[in-house]
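The values are calculated or read from the model by the stated rules, or taken from the named source; none is laboratory data. All values derive from a computational prediction rather than experimental measurement. Note that each Cβ is placed from the backbone with ideal geometry, even for glycine, and that neighbours are counted across all protein chains shown. Only protein heavy atoms, including side chains, enter the accessible area calculation; ligands, DNA and RNA are left aside. Shrake-Rupley method; radii C 1.70, N 1.55, O 1.52, S 1.80 Å.
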Amino acid sequence: MPEATTPTATPHLYLVDGSSYIFRAYHRLPPLTNRHGVPAGAVYGYTTMLWKLAGDLSRADGPTHMAVILDASESTHRNVMYDQYKAHRPPPPEDLVPQFPLIRTATRAFSIPCIEEDGLEADDIIACYALAAKAKGWKVTIVSSDKDLMQLIDEDAGIDMLDTMNDRRIGREQVMEKFGVPPEKVGDVLALMGDSVDNVPGVPGIGPKTASQLIQQFGDLETVLASTDQITKPKLKQSLIDHADAARLSRELVRLVCDSPLPEPLEDLALKGIPPEPLRDFLTDQGFKTLLARLESGGSVPTPRSSSGGGFNDVMASLDRKPTVEPAAPDRQEVDRSKYETVIDEAALDRWIANARATGYLALDTETDCIDCQVAKLAGISLAVAPNRACYIPTGHSGADLYSDAPSQLPQDVVLAKLKPLLEDPAILKIGHNFKYDWVMFSRLGIEVAPVDDTMVISFDLDAGRSFGHGLEELAKLHFEHECIPFKQLCGSGAKQITFDKVPLPQATEYAAEDADICLRLWLRMKPRLAQENVARVYERVDKPLVAVIGRMERRGIRVDREYLARLSAEFSKDIAALEEKIYEAACGPFTIGSPQQLGDVLYGRLGLKGGRKGKSGHYSTDVNELERLAAEGVECATLVLDWRQLTKLRSTYTDALQAVINPETGRVHTSFSLTGAQTGRLSSNDPNLQNIPIRTEAGRKIRDAFVADPGHKLLSADYSQIELRLAAHMADVPQLKDAFRNGDDIHSLTAEELFGASDRESRNKAKTVNFAILYGISSWGLAGRLGVPKDEGKAIIDRYFERFPGIRDYIHGTLSFVRQHGYTRTLFGRKTHFEPNIRSPNPSIRGGAERAAINAPIQGTSADLIKRAMARMDGALADAGLSDVKMLLQVHDELVFEVPDGREEAAAEVIKGVMAEAAGPAMQLDVPLDVEVGWGANWGAAH
DNA sequence: ACTCGGTCCTA
DNA sequence: GTAGGACCGAGTC
């Protein structure tokens, strides 16, 4: 029995210096990302290292005990000694920051204990464990290459080091080779030479060579300092005399603290094997396919050395080992839903309010009976003040059906009256996830919540463009590997779905309090990153203020003329019916016109037309280009279908749909704007989308007329003229374009002159297309297609454009080289959009797409920043001008729509124009003016 | 009841 | 060539 031999073997403790490892792995490995798009190069390096170490478990001299040691906090006893300690260390690279938490995840996945302790650096913890193990006669291997730790090497006592980066064992001999002194003298050498990274001062003028030589000659630091009279070099002598105190301080700074109590007893670090289960999940989740394949193949699953033949059962046998030691840092505590409280009496509510006041901030979340916050009724409110300290306050729960009683709960007005002073207190920060929803709910209940932080917006400002969304559940999984209770589990789905107010309080509490708890944890985790990753300004100054501004716009809604829409619907229906008859006649029989599949078969099959293109689905393409081609060839059926499509589109998407979304209480349509909907920083609009109301065609334009002002008011529309081209001229620094905008010249005519030496209508149209192509990330192929010319000619035009406007070429090259290097682009106001991993894809079409998007993102994003800045200031500027009854209703990317009392149009126009035109200042001075065109009328169509 | 591709509306 | 959302038919569960 091999087991019989195990107890007699000397225990061997491996202490892994995780903190120093990831810095080195980061700099040595390429900037990989995991399948979530989060940088994971260092994590991957770390994982392979653990894998290798785990493999040593089966070796005769391999580890029996193992722990990973991490740095817990910034401040240690060394800062007390010397306030400059590590003071000049630059912040970690921003694509390393998101990897820190993953290091713990990886360690946990291997079921290896992970130790960190406030106030102690990893080096000190390692020293404590090394000496404790030595005292028991154990062998110790320190897995690190940190020179400070070389002080601990003591081969006679069985302490050595292992540098996994180059797979090298470090013993006394290697230390002698490096420092010229034995391990016990390394501290003296380090004290003399200092360390610029940790800001250990050392003695000026003394580097590794001199330090080593002096210690070899005199034996230790104190003797060196006492023997300056024997030193012949005058500079060196003086420096040692002048900086003796600095040398003594340095000696203390590099001394390892080894007398702290062990955070975990040595015995608890026993490691018999690596259970495959959490490891498999981790490797899958990160997309580390090579390691996963090795795990699945079973051959190289790390196995314990005590096992007879290794293999699966032995691995599983180690499942009963003590769980991974996890530090109790605030956001790392496991979510424990049993700690949540249901608040149903006033004393408890008062206690929670006092908790929040004492903390200074709270996370909160509202539960309602409906996802539309404009009509929803409140079911309850959850609060969280610290991880696992969360509660749910039901106020609107009813029984599960008509025959059961409502549960005991506080009345809504009591709860709101008690919460209102807290929620409106400017000294208490309220944190929500997608807080706009809650803001509108509270606003409807007469509470103006402020100040607020929104973790969804924070996540967006940090990680826009990465491969994960910004929903609470998704972020909980990503940042904490925590699975939230699915809403479906509580309320079901589809026809059998119940509303939240019918959920029994125990389950409702677990779900609702968890949301607030997770929101608070996300805030603790992400808020510091805003400053570290240099996006605090765009969050604080642009996006955060928009939460309440947009909440107000959504609450106001816009008035829609229902009868007018109904008449339009009827009109369209009549025309559609007539077209259908004609189409069936032309097609020799009825079919589903709305089915592209059937339409393709009719055109190219039954009617036998030629030249059809098939897409990847194997069906004929029947898009507008194909139908227009056929129509131009005189195919009547194609013309009819085009008309049919336009009218059915208008009817289904607009005239019918808009009538259905008029809020019965307000008689208005309340869209929902998403702050995180567009990766470039634009807003998006849904339920209904009011950012795609038709304008280009005659029939479509009629729909704009359905958006009307309240009686006694006008709708006023203000839009930026050619804002993206202006920004391109500024950002790419193109003198001709900037001059043209300053002089108010026609920009497309100027481009036509430059490109073609003429500015007739055809040349101008071509130039206009080229200008847009630039904004969208040009390709000769795409431009040629748009212009209907051969690819060569497209390329020639682009070349001429770059020749005439070299700034544009430099902008494109500069943007691409930046995004390739950093993985993201930035707007003028600092907004980031990430493009990893696609910007590095080996697939040219994916990479090309990312490149075009990256060229466009700074321009589109800056435009979004500008109008957002204008919106954030608008209500205040109107109020200052005595125009607080002018209401901002809609934003359509470069346009703002207002409702203005009759007679105030001119005054409002002046203020609005001013705010929009000055939106860049004072932070930014643009080289081009921002022109704003304003119009007003009884309806939106007339306001243009 | 859900997802996907095709289509088409906007800036 | 950029950025979105909505509707429909058709295929899947």
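The alpha carbons of the stretch A:331-533 stretch over 55, 39, 33 Å along the principal axes, in descending order.
Given +1 at the Cβ of Lys and Arg, -1 at the Cβ of Asp and Glu and no other charges, the dipole of the stretch A:723-857 around its Cα centre is 540 debye to the nearest 20.
The packing ranking of peptides A:767-779, A:555-567, A:690-702, highest mean first, is A:767-779, A:555-567, A:690-702, where packing means the average number of other beta carbon atoms within 10 angstrom of each residue. Taking amide hydrogens as placed 1.01 Å from N in the peptide plane, the amide H of A:ALA40 sits under 5 Å from those of A:LEU32, A:THR33, A:ASN34, each at least 5 positions away in sequence or on another chain. Counting protein heavy atoms only, the stretch A:346-402 has 56 percent of its accessible area on carbon and sulfur, 1.4 angstrom probe.
What you get for the stretch A:558-669, charging only the Cβ of Lys and Arg (+1) and of Asp and Glu (-1), is a dipole of about 360 debye around the Cα centre.
Considering helices alone, the calculated mean residue ellipticity of chain A at 222 nm is -14000 deg cm²/dmol, with DSSP H runs of length four and up weighted by -39500 (n - 2.57) and normalised per residue. Once both labels are modelled 7 Å past Cα along the beta-carbon direction, what's the A:THR697-A:THR284 spacing in nm? About 4.9 nm separates the two model spin labels.
Think of a 1.4 Å ball rolled over the protein heavy atoms: the stretch A:331-533 then has 39 Å² of accessible area per residue. Taken along its principal axes, the alpha carbon cloud of the stretch A:723-857 reaches lengths of 44, 35, 20 Å, longest axis first.
Counted residue by residue at 0.36 nm each, then reduced by the alpha carbon distance between them, the extension gain from A:ALA877 to A:ALA9 reaches 304.6 nm. Here r is the Cβ-Cβ distance between A:ARG255 and A:ASP810 and R0 is 51 Å; the resulting FRET efficiency, rounded to 0.05, is 0.40. Considering the dipole of the stretch A:802-934 built from charges on the beta carbon (Lys and Arg +1, Asp and Glu -1) around the Cα centre, which of A:ALA919, A:GLN860, A:ILE812 is farthest to its positive end? Comparing the listed Cα positions along the dipole, A:ILE812 ranks first. Near the amide H of A:VAL68, under 5 Å away, which other amide H atoms are found, from residues 5 or more places off or on another chain, if H is placed in the peptide plane? The answer is A:VAL16, A:CYS114, A:ILE115.
Within the P(r) computed for the stretch A:814-944, what percentage of the Cα pairs occupies the region above 19 Å? Of all Cα-Cα pairs in the stretch A:814-944, 58 percent lie more than 19 Å apart.
The angle between the Cα long axis of helix A:412-423 and the main principal axis of chain A comes to about 60°, on a 0 to 90 degree scale. Phi angles of the stretch A:886-896 translate, via the Karplus equation with coefficients 6.51, -1.76, 1.60 and θ = phi - 60°, into HN-Hα couplings of 8, 10, 7, 10, 9, 10, 10, 6, 10, 9, 10 Hz per residue; Gly and Pro are given as x. Each of A:VAL789 and A:LYS339 was given a label point 7 Å from its Cα along the Cα-to-Cβ line. The distance between the two points is 6.8 nm. Each DSSP beta bridge with both residues in chain A is either parallel or antiparallel, and the antiparallel ones are about 65%.
Taking amide H as placed 1.01 Å from N in the peptide plane, A:TYR824 has its amide H under 5 Å from the amide H of A:PHE835, each at least 5 places away in sequence or on another chain. Projecting the Cα atoms of A:ILE431, A:PRO688, A:GLY777 onto the charge dipole of chain A (Cβ charges, centred on the Cα centre) puts A:GLY777 farthest toward the positive pole. If the segment from A:VAL97 to A:ARG59 were pulled out straight at 0.36 nm per residue, it would be longer than the present Cα-Cα gap by 10.2 nm.
Among the protein heavy atoms, those of A:LYS477 account for about 110 Å² of accessible surface (1.4 Å probe, every chain in place).
Residue by residue, the stretch A:171-179 carries 3J(HN,Hα) couplings of x, 3, 4, 5, 5, 4, 4, 7, 10 Hz when phi is fed to the Karplus relation 6.51 cos²θ - 1.76 cosθ + 1.60 (θ = phi - 60°); x denotes Gly or Pro. Treating r as the C-beta distance of A:ASP656 and A:ASP118 and R0 as 51 Å, the FRET efficiency rounds to 0.25.
If you take the alpha carbon atoms of chain A and fit the smallest convex hull around them, that volume is 245 Å³ per residue. Directionally averaged projected area (the stretch A:558-669, Cα convex hull): 8.4 nm². Between A:TRP781 and A:HIS482, the simple label model (points 7 Å from Cα in the Cβ direction) yields a spacing of 4.6 nm. Measuring nothing but protein heavy atoms, the accessible surface of the stretch A:723-857 at 1.4 Å probe radius is 49 percent carbon and sulfur. Take the Cα of A:ASP746, step 7 Å along the line toward its Cβ, and report every residue of the stretch A:768-786 whose backbone nitrogen sits under 15 Å from that point. Zone members listed by number: A:768-769.
Computed from the C-beta positions of A:LEU607 and A:ALA270, the FRET efficiency with R₀ = 60 Å rounds to 0.15.
Here chain A is treated with +1 on each Lys and Arg Cβ and -1 on each Asp and Glu Cβ, and its dipole about the Cα centre works out to around 2060 debye.
Accessible area per residue (1.4 Å probe, heavy atoms of protein chains only) ranks A:SER196, A:SER569 as A:SER196, A:SER569, with the largest value leading. The Cα-based radius of gyration of the stretch A:73-208, divided by its Kirkwood radius, gives an Rg/Rh of 0.97. With contacts taken as Cα pairs under 8 Å at a separation of at least 6 residues, chain A carries a relative contact order of 9 percent.
For the stretch A:558-594, the residues whose amide N sits under 20 Å from a probe point set 7 Å from the Cα of A:GLU633 along the beta carbon direction are A:583-589. Express in nm, to one decimal, how much length is gained between A:ASP413 and A:LYS377 on full extension, taking 0.36 nm for each residue of separation and deducting their alpha carbon distance. Full extension from A:ASP413 to A:LYS377 adds 11.6 nm.
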